[in-house]
Amino acid sequence: TQLRLIAAAAAVHLALLTAITVALLNMPGGDESPQPLDPNPYADGSFWDLVAFRLDHVLLFRLETLLIFPMSIALFLLGARLFHAGVLEARGAALRRRLIWLGFAVAAPLDIALEVGGGGPGLILARYGVAPFVSMAVLALVAEFYLRRPEPGWTGRRMAEVGRMALSSYVLQNLVASSIC
């Protein structure tokens with residue numbers, strides 16, 4: 001059932017990603033990099049200018065949620081499968097090697113190429129199509145790092161601090177934003 005759900009969610013995500021990419025490529029100037037905002041409410045505007053800008057473009061900003069929902073389901077279930085397959089344990093060494101190879105030797109160069117030379121469609125494909133594979137390689141690399149050392153050492157402790165700070169900041173951001181909004 002999990003594999004069918006992963007396949008279905010991934011298929012929906014890939015269909016959406018393909019449709020968006022085709023639409024961007026068929027738009028006049030769709031293969032060019034996005035033009036800078038003029039005026040730029042992020043750099044030059046007030047808080048209310050930014051609120052007005054986001055309200056004027058509410059559909060565009062909310063469409064991302066529709067795009068990432070099936071991807072999130074597929075990646076969540078895939079993460080559970082990787083966990084049960086032992087990606088975080090010594091028995092998952094071969095799986096980690098495959099993920100590291102796939103993510104860093106294949107996906108990372110493709111991600112960079114799409115972002116540098118792909119224009120708007122390339123950015124979309126890199127962010128929502130290729131980046132999850134790079135993230136799985138990072139997961140495998142971090143797991144490999146910790147499994148090879150009985151004690152985390154100086155570098156491992158710094159990585160743990162970064163992870164705790166990132167999670168703390170994310171949780172705090174959501175709490176503050178939820179209370180304000």
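The values are calculated or read from the model by the stated rules, or taken from the named source; none is laboratory data. These numbers were taken from a predicted model, which means no experiment stands behind them. Neighbour counts run over all protein chains shown; Cβ positions are idealised from the backbone, glycine included. We work out accessible area using only protein heavy atoms, side chains counted, and drop any ligands, DNA or RNA first. Shrake-Rupley method; radii C 1.70, N 1.55, O 1.52, S 1.80 Å.
If r is the Cβ-Cβ distance from Ala23 to Ser46 and R0 is 22 Å, what FRET efficiency results, to the nearest 0.05? Don't skip to the answer; put the middle values down first.
Numbers: r = 33 Å, r/R0 = 1.51.
Efficiency, from the Cβ-Cβ distance: 0.10.
Stretch Arg157-Ser135 to full length: gain in nm at 0.36 nm per residue minus the Cα-Cα span? Provide the component values of the computation, followed by the final result.
On the way: separation 22, 0.36 × 22 = 7.92 nm, distance 2.07 nm.
Extending this stretch completely gives an extra 5.9 nm.
Counting heavy atoms of the protein chains only and a 1.4 Å probe, report the per residue accessible area for the chain as a whole number of Å². Mind showing how you got there, number by number?
On the way: 12640 Å² over 181 residues.
It amounts to 70 Å² per residue over the chain.
How much length, in nm to one decimal, is gained on full extension between Gln2 and Arg149, taken as 0.36 nm per residue of separation minus their Cα-Cα distance? Before the final figure, lay out the partial values.
Working: separation 147, 0.36 × 147 = 52.92 nm, distance 3.29 nm.
Full-extension gain reported as 49.6 nm.
Work out, step by step, the length gained on full extension between His57 and Leu102: first 0.36 nm times the residue separation, then minus their alpha carbon distance; give nm to one decimal.
Numbers: separation 45, 0.36 × 45 = 16.20 nm, distance 3.66 nm.
In short, 12.5 nm is gained.
Tally up the carbon and sulfur contribution to the accessible surface of the chain as a whole percent, 1.4 Å probe, everything protein left in place. All intermediate terms of the calculation are to be shown ahead of the outcome.
Working: 8820 of 12640 Å².
Here it works out to 70 percent.
Averaging sequence separations of C-alpha pairs under 8 Å and six or more residues apart, then dividing by the length of the chain, give the relative contact order as a whole percent. Mind showing how you got there, number by number?
Details: 125 pairs, mean separation 48.1, N = 181.
Result for the chain is 27 percent.
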